[in-house]
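Right, one structure below, let's go through it.
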Amino acid sequence: MEVKCHKVSGGCAEGPALVTRERISFLGNVNPETGVVVDPSHELYGRSIAGAILIFPGGKGSTVGSYVIYQLKKRGLAPAAMINLKSEPIVAVGAIISDIPLVDRVPEWILDVKDGTWIVVDAKREVVVLPDGSVRI
Amino acid sequence: MHLTRDEELLLQGERGDTLRRAMEILVALGDIYEAERLIEIKSAQIAGVSYKTIGDAGLEWISDLNGKVAVPSILNPAGMDLLKWREMSIDEDFARKQLAIIDAYRRLGVAIECTCTPYLLYESIASRGDHLAWSESSAVSYANSVIGAMTNREGGPSALAAALVGKTPLYGYHLEENRVPTHVISVEADVKEYGALGFLAGKIVGDGVPLFVMRSRPDRDDLKALGAAMAASGSVALYYVKGVTQEPPQYDPDACEIIEIEDEDIRSVYDSRADAGDVDIVALGCPHCSLQELEGIADLLEGRKVSKELWICTSRRVAESAPETVRRIESTGARVICDTCMVVSPASERFSHMMVNSGKAFVYIPGMCGVKATLGSLEDCINAATGGS
């Protein structure tokens, strides 16, 4: 199925979903050398975001987080694409400077998608493609 | 957001990758904040300079850019005095990375002036009614409130993007309707220390726009301290002082929250003074000292010797304009430190308890440096550093 979205940063990518209902502060929550979530209080603690379609409500924290996203990308440890309910400037700027597709304004049930679900983010066409039946609507 | 033909071309990459990326940043922010279009800016002030704050990630990004800024642009404080970093006990590795960041900005045509007080260096950098893209929160507050220019609080990348394109999205404090007061604060006190007043007011107001009514008449240095503290304890980017700053645009007084601040409220901010005995460093100049402030400090230090580390942070340009004043200060054993400050330099981290006269430094020192902080008046600070009373 295709879901409409709004492009924040262009491009097209696909990969397995990694979903959290918690906001992410890239500065502090994620180790830029490993791509692993290192904040023990975060829902994704211990998980690697590398290559994933990272689905989260939006960013938070220091604006330095934008640079952390860039650093992850240069090390090949960035998410393949990101999906937000509503992007804020830190993640938006981070995705743009790193050439990572980022879309927002998707329905809230996107946070019910199971981890590992194969997802295509086509920011250019402003659609997210999910397997049929991947969520109950 | 509506783009002109030229802006569209930039966005499509017709003038290179760096400008395409800069435009993408501006357009994304414009979309997020529902800006109608971009607007030309007079100048940019770019945060994200100290290696301590931006790290290798920031260094890599800035180093990968190519191009030249389109408007006069200057930097926020770096992590060290760019010349006297060895005297600050900065290690070689940090210094090498810091200088690489500075070089990367220089290649982009950014003026290598590292200060939170750009308005003290060049009068032409901002005038009343100018649109700007400034990042440093106290400079943003000063530009909006004291100068009457218009700027949002930009992040490092968005300020640099605006500098490269020469434009910023038209939203927030660029629009008159967002510049009306939300709080009226009547101050029933003879205010001497505006950092303490700002510390209190920022906590109350949050991200609002306060209008102060007070019998004291703050000068420009007082306003600098007031705004800096409110931007740190809250996120105030614009304020008014009745009869002192510009008048606010038409607003509805009934829609404003009314707040009273009295003498004892301000005194309560200083309560922690009692345990200042183990202070091992005193630091002044947050925001960077003006020439008048440097002279005032030199006068207070006259005939004394410091018994503790005493730092006075300022911009290189101000320090170089007053060599005799700097000499007077340093002859007491105090240090005049340029290009950096007690908050963004790792040099602060080797101390355990810092006394400051800045409401802003008081907010940030514990979290950013892991150092205990005490707020005192300027006189208290000088006394603590010289062992006098």
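The values are calculated or read from the model by the stated rules, or taken from the named source; none is laboratory data. If you're wondering where the values come from, they're calculated on a predicted model, not measured in any experiment. Backbone-built Cβ (ideal geometry, glycine too); neighbour counts: all protein chains shown. Note: areas computed on protein heavy atoms with side chains; ligands, DNA, RNA excluded. Shrake-Rupley method; radii C 1.70, N 1.55, O 1.52, S 1.80 Å.
Summary of values
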{"item": "Residues satisfying the stated conditions in region A:22-60, i.e. at positive phi and either surrounded by fewer than 15 Cβ atoms within 10 Å (Cβ to Cβ) or part of a helix (DSSP H, G or I) (or both)", "result": "A:GLY28, A:GLY46"}
{"item": "Helices (runs of 4 or more DSSP H) (entirely within region B:111-220) containing at least 3 residues that are among the aliphatic types (A, V, I, L, M) and more than 17 Å from the chain's Cα centre (by Cα)", "result": "B:156-165, B:194-205"}
{"item": "Residue tally, condition aliphatic (A, V, I, L, M), in contact with a Ser or Thr (Cβ under 8 Å, 6 or more places away or on another chain) and open to solvent by less than 20 Å² (accessible area, probe 1.4 Å), over region B:90-100", "result": "1"}
{"item": "Failed item, numbered, when B:THR117 is tested on (1) within 14 Å of chain A (Cβ to nearest Cβ); (2) within 30 Å of B:GLU40 (Cβ to Cβ); (3) crowded, with 17+ Cβ neighbours inside 10 Å", "result": "(1)"}
{"item": "Failed item in (1) touching a Leu at 6+ places or on another chain (Cβ under 9 Å); (2) in a helix (DSSP H, G or I); (3) within 12 Å of another protein chain (Cβ to nearest Cβ); (4) of a type outside the set (Lys, Arg), with B:LEU65 passing the rest", "result": "(2)"}
{"item": "Total residues in region B:114-146, condition touching a His at 6+ places or on another chain (Cβ under 8 Å) and of a type in the set (S, T, N, Q)", "result": "2"}
{"item": "Total residues in region A:92-131, condition crowded, with 18+ Cβ neighbours inside 10 Å and in a loop (DSSP other than H, G, I, E, B)", "result": "6"}
{"item": "Residue under evaluation B:ALA232, criteria (1) assigned to a helix (DSSP H, G or I); (2) of a type outside the set (Phe, Trp, Tyr); (3) at pLDDT 95 or above, criterion not met", "result": "(3)"}
{"item": "Residues of region A:1-21 that turn out to be open to solvent by 50 Å² or more (accessible area, probe 1.4 Å) and over 12 Å from the mean Cα position of the chain (by Cα), as a count", "result": "5"}
{"item": "Test set (1) within 13 Å of chain B (Cβ to nearest Cβ); (2) open to solvent by less than 40 Å² (accessible area, probe 1.4 Å) - A:LYS73 fails condition number", "result": "(2)"}
{"item": "Selection within region A:80-91 - buried (at least 24 other Cβ atoms within 10 Å of the Cβ), within 12 Å of another protein chain (Cβ to nearest Cβ) and either over 14 Å from A:VAL64 (Cβ atoms) or of a type in the set (D, E, K, R) (or both)", "result": "A:ASN84, A:SER87"}
{"item": "Sole exception among (1) hydrophobic (A, V, I, L, M, F, W, C); (2) away from chain A (no Cβ under 14 Å); (3) within 28 Å of B:GLY227 (Cβ to Cβ); (4) out of contact with any helix residue (DSSP H, G or I) (no Cβ under 6 Å at 6 or more places or on another chain) for B:ALA95, by number", "result": "(3)"}
{"item": "Condition broken by A:GLU2, with the remaining ones in (1) out of contact with any helix residue (DSSP H, G or I) (no Cβ under 6 Å at 6 or more places or on another chain); (2) at the interface with chain B (Cβ under 10 Å from one of its Cβ atoms); (3) of a type outside the set (A, V, I, L, M) satisfied", "result": "(2)"}
{"item": "Filter result (open to solvent by 20 Å² or more (accessible area, probe 1.4 Å), within 16 Å of A:TYR67 (Cα to Cα) and more than 10 Å from chain A (Cβ to nearest Cβ)) within region B:14-51", "result": "B:TYR51"}
{"item": "Where B:GLY370 falls short, out of the listed (1) open to solvent by 20 Å² or more (accessible area, probe 1.4 Å); (2) within 24 Å of B:ILE54 (Cβ to Cβ); (3) of a type outside the set (S, T, N, Q); (4) touching a strand residue (DSSP E or B) at 6+ places or on another chain (Cβ under 9 Å)", "result": "(4)"}
{"item": "B:LYS42 vs. criteria touching a Pro at 6+ places or on another chain (Cβ under 8 Å), of a type in the set (D, E, K, R), in contact (Cβ under 8 Å) with a residue 40 or more places away in the chain and outside any helix (DSSP H, G or I)", "result": "yes"}
{"item": "Scope region B:207-240; condition in contact with a Pro (Cβ under 6 Å, 6 or more places away or on another chain) and farther than 16 Å from B:SER358 by Cβ; matching residues", "result": "B:VAL209, B:LEU211, B:TYR239, B:TYR240"}
{"item": "Residue in region A:27-35 that is modelled with pLDDT under 95 and within 18 Å of A:VAL106 (Cα to Cα) present", "result": "no"}
